[in-house]
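I have placed the structure first, in the form of structure tokens, so that the comments after it can refer back to it.
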Amino acid sequence: MKIKRHESFRYQFVEPITGEFHLMKEGQRTPSGLMKIHNISPSGIAIITPLKLPTDRSTTIVVEFSLLRGTEPLKLAGRILYEKAIPDGRLYGIRLETTKEEQQYIIGGIKQIVKDAL
């Protein structure tokens, strides 16, 4: 079996991580809302929230969360790609605007979560 190392991966949480988000549009910021992280990759995240969010491309979403307890929270911006209604609220897929360092931090956090689960 050939492994495609250039393709990114996505980690789905057994127990979702809680975080906060806010929206930015034309310099205006919304109040913070609560979210649960459904899954994450180095360049994307899926969140669950009871709130209905705008999915237009001109709105930036800023998510803030800690992958590991006791660590400094990540604060990442992105764009909402899709929305799906689910029993717990709404699932949003977000394309994150991450740097290489932020991507490595996410990968390291996921590896630690998997290691701690064993």
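Worth pointing out:
- Condition met for THR98 (surrounded by 13 or more Cβ atoms within 10 Å (Cβ to Cβ), closer than 12 Å to PHE21 by Cα and polar (S, T, N, Q)): no
- Long-range neighbours under 6 Å by Cβ, at least six apart or interchain, first residue free of Cβ contacts under 8 Å to residues at least 40 places away in the same chain within segment 36-55, second in a strand (DSSP E or B) and of a type in the set (Gly, Ala, Ser): ASN39/ALA46; LEU51/GLY33
- Flag for ALA77 being exposed (fewer than 11 other Cβ atoms within 10 Å of the Cβ) and among the aliphatic types (A, V, I, L, M): no
- For the residues ILE107, ILE61, ILE48, the requirement of being aliphatic (A, V, I, L, M) and either exposed (fewer than 13 other Cβ atoms within 10 Å of the Cβ) or out of contact with any Gly (no Cβ under 6 Å at 6 or more places or on another chain) (or both) singles out ILE107.
- Residue list for segment 58-97, restricted to those being touching a residue at least 12 places away in the same chain (Cβ under 8 Å) and among the basic types (Lys, Arg): LYS75, ARG79, ARG90, ARG95
- The residue that is nearest to LYS25 (Cα to Cα), counting only those in segment 80-95 that are of a type in the set (A, V, I, L, M, F, W, C) and surrounded by 13 or more Cβ atoms within 10 Å (Cβ to Cβ), is ILE80.
- Wholly within segment 1-105, strands (runs of 3 or more DSSP E) carrying at least 2 residues that are touching a Ser or Thr at 6+ places or on another chain (Cβ under 7 Å) and modelled with pLDDT of 95 or more: 11-25, 33-41, 74-86, 89-96
The values are calculated or read from the model by the stated rules, or taken from the named source; none is laboratory data. Just so you know, these numbers come straight off a predicted model, no measurement behind them. Note that each Cβ is placed from the backbone with ideal geometry, even for glycine, and that neighbours are counted across all protein chains shown.
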